[in-house]
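Read the structure below first, then the notes.
The values are calculated or read from the model by the stated rules, or taken from the named source; none is laboratory data. The structure presented is a predicted model; accordingly, all values stated were derived computationally and were not measured. When we count neighbours, we look across all protein chains shown, and the Cβ atoms used for this are built from the backbone with ideal geometry, even at glycine.
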């Protein structure tokens, strides 16, 4: 196999550019030039944002322009829609400019990792799927055909049809609309809870690993304590103590899922701190806080990214589990877990009620896991210097 | 410490005084090993002291002890050890104060340049960090100074190199970056722990020349740890020889090569090939360094020493200090004490002629 190196590919792409065709393309269809260079992940994401955004504007312009009485959801949708379109176009145009200067001769470790990731087709497909799911979640107010919480008892339990693409549930609510709104809830819970848990876990792990001694002992016993409870039992107990609300669920998931990250980061820091560059940093008189923050954390960043990606999938499943038990997001607010629970009584007759949100969970988690694995393969060997 | 610019230091003034340094390590099984046993050293401003000895004799442990970098809690300096830097005692100094001292007043470079740089930070970020920590520079000033420093240590195209990741550089270049980092704080003392051992022979000479040149230009003192006697002869003013945790001999470099007193020093010199003398066979020192866990209470070199007699195997020799023509030298050997004359009927001078 004598594949040209990615740097070479990029270099030839730069040379081919002055033909004008691609410049034109970059203005009209951001992301398309990247796809022509076979950089599917990057190009695909940008094309999706661009075409999706334009599609929403074109088909639902009435909803977009309806300024009267915006809800929080609609503000989020409007902002991300405008931002997405502007960024996609702006990125594409500036890309054409900078690409004309010669490409950097020596790619950084991050560039190399990106090339490895780009060669992993499954991971790229997963990434595209995640971006698509997030776009759908963000732009839900324009995409959902009905109000997801509006009951209509005359139209309950309808099979999928032209009016209701995925049918209706027992209160006559449109399943497709609920699925889209549920994506918002499930994805934001996953994202925010993981952000909390990974931040806590990384800091504690780095401190425990570097400082050692009784600090390490204390933190790791705390980890043991949290891990020794079955995760779901712990969640159920804590949620039962408070009123289940979105906030409580996010905080509880965030505050219970950090031990995994702590252990991994601590292990990594334990081996890193024996490396000579840490001794050299100490010999140069840097403080502990500086060594941890500036010398150790960037070195565990690759691990943290992988842990976070895999963690989002896991957290979505946990939230679905909680909601299924009735302790998560409360009806009528849709989350995928709640929807599966709602459809439980109708499994034999109206099977789509549980199946559709269930498939959404499986699909999303699968996408996150595939991307996480791809990131691990891409980042691990590169980031070790 | 916010002292005046270091270049103002009077060359020749006593800079570092290590007295009776004892560093011990506790192994996992609880066994205590004393890696450095009663070492005393003096370094004057602007001079290079060579610290030589075989692997495992405690050279690096001595350097780390001076820097206050002995890993806790398994390693510690024993009571009575003293490290004075310009008269300031460092052994029981406040850790935070000692930390600010490192990098600013004394810096250290290590043997292994391939792993001594942080793989994820660019060269410029790493040098700049020292400047911002110890010299209070802002980002812009630090960048400019970094370019100057990289140029000073002989890195071609420093503007480009400062944005490179370390793994793009060769070992020699990385060691130059390490030197630039050590230099950035403008320390009065640079400890170089076998700085060229891991590099190509051709690069070794260049780097040592560079270090010597920088030492002179910045008025630094240098503690050069090496096992290469050729390096010692060329770059050091004084030499301290270590054997099994003890300092066995210390003298100006000419005296060490001219009239070595300790049998171990003599052995070291005889085992080095020389161009100016035809020798049928090199004579290596017989045997190996005893392991630190089994260092005898008596003279530690006795078992390998061609001159050893009963007393050497029974009692540890004292350190004999004297001043020859204004230069201090010391030797730790029974042969150079009055007991040798009593026991063998030989004087210290004759013992050296065998």
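What the table below lists for this structure:
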item	result
Selection within region B:114-139 - under 17 Å from residue A:295 (Cβ atoms) and more than 8 Å from chain A (Cβ to nearest Cβ)	B:114, B:122, B:123, B:124, B:125, B:126, B:127, B:128, B:131, B:132
Those residues of region A:228-269 which are farther than 17 Å from residue A:317 by Cβ and not in a helix (DSSP H, G or I), in sequence order	A:229, A:242, A:243, A:244, A:245
Members of region B:147-156 found to be free of Cβ contacts under 8 Å to residues at least 60 places away in the same chain, away from every other protein chain (no Cβ under 14 Å) and in a helix (DSSP H, G or I), listed by number	B:147, B:148, B:150, B:151
Which listed residue is away from chain A (no Cβ under 12 Å), surrounded by 24 or more Cβ atoms within 10 Å (Cβ to Cβ) and more than 21 Å from residue B:158 (Cα to Cα), from B:224, B:211, B:229	B:224
Breaking point among (1) assigned to a helix (DSSP H, G or I); (2) within 14 Å of chain A (Cβ to nearest Cβ), for residue B:205	(2)
Tally, over region B:157-188, of residues that are touching a residue at least 40 places away in the same chain (Cβ under 8 Å), at the interface with another protein chain (Cβ under 8 Å from one of its Cβ atoms) and surrounded by fewer than 24 Cβ atoms within 10 Å (Cβ to Cβ)	5
Answer from A:325, A:310 - the residue that is under 19 Å from the mean Cα position of the chain (by Cα) and surrounded by fewer than 24 Cβ atoms within 10 Å (Cβ to Cβ)	A:310
Strands (runs of 3 or more DSSP E) contained entirely in region B:24-77, each with at least 3 residues that are modelled with pLDDT of 90 or more	B:32-44, B:48-52
Residues within region A:268-283 that are more than 10 Å from chain B (Cβ to nearest Cβ) and out of contact with any helix residue (DSSP H, G or I) (no Cβ under 6 Å at 6 or more places or on another chain), tallied	1
Test: residue in region A:42-64 that is in a loop (DSSP other than H, G, I, E, B), closer than 19 Å to residue A:144 by Cβ and touching a residue at least 40 places away in the same chain (Cβ under 8 Å)	yes
Matching option when the condition is away from every other protein chain (no Cβ under 14 Å) and at negative phi, among B:51, B:69, B:64	B:51
Exclusive hit being within 8 Å of chain A (Cβ to nearest Cβ) and either at pLDDT 90 or above or surrounded by fewer than 19 Cβ atoms within 10 Å (Cβ to Cβ) (or both), set B:107, B:142	B:107
Filtered residue count, region B:317-347, keeping only those that are modelled with pLDDT under 85 and either assigned to a loop (DSSP other than H, G, I, E, B) or surrounded by fewer than 18 Cβ atoms within 10 Å (Cβ to Cβ) (or both)	17
Matching helices (runs of 4 or more DSSP H) fully within region A:102-158 where at least 2 residues are modelled with pLDDT of 85 or more and more than 14 Å from chain B (Cβ to nearest Cβ)	A:109-119, A:121-138
Number of the exception - residue B:191 against (1) surrounded by fewer than 23 Cβ atoms within 10 Å (Cβ to Cβ); (2) within 14 Å of chain A (Cβ to nearest Cβ)	(1)
Residues that are within 14 Å of another protein chain (Cβ to nearest Cβ) and in a helix (DSSP H, G or I), drawn from region A:326-385	A:379, A:382, A:383, A:384
So residue B:93, is it over 17 Å from the mean Cα position of the chain (by Cα), away from chain A (no Cβ under 14 Å) and more than 29 Å from residue B:253 (Cβ to Cβ)	no
Flag if residue B:76 is out of contact with any helix residue (DSSP H, G or I) (no Cβ under 7 Å at 6 or more places or on another chain) and within 9 Å of chain A (Cβ to nearest Cβ)	no
Output for region A:283-305, where each listed residue is assigned to a helix (DSSP H, G or I), over 22 Å from the mean Cα position of the chain (by Cα) and surrounded by fewer than 22 Cβ atoms within 10 Å (Cβ to Cβ)	A:288, A:289, A:290, A:291, A:292, A:293, A:294
Only listed residue being in contact with a helix residue (DSSP H, G or I) (Cβ under 8 Å, 6 or more places away or on another chain) and either at the interface with chain A (Cβ under 9 Å from one of its Cβ atoms) or modelled with pLDDT under 90 (or both), chosen from B:102, B:86	B:102
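A quick yes/no check of all residues on (1) assigned to a helix (DSSP H, G or I); (2) at positive phi:
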residue	(1), (2)
A:165	no, no
A:172	no, yes
A:184	yes, no
A:215	yes, no
A:221	yes, no
A:226	yes, no
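So that you can scan it fast, the table gives a plain yes or no per residue for (1) within 14 Å of chain B (Cβ to nearest Cβ); (2) at pLDDT below 85; (3) under 30 Å from residue A:335 (Cβ atoms):
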residue: A:224; (1), (2), (3): no, no, no
residue: A:262; (1), (2), (3): no, no, yes
residue: A:285; (1), (2), (3): yes, no, no
residue: A:293; (1), (2), (3): yes, no, no
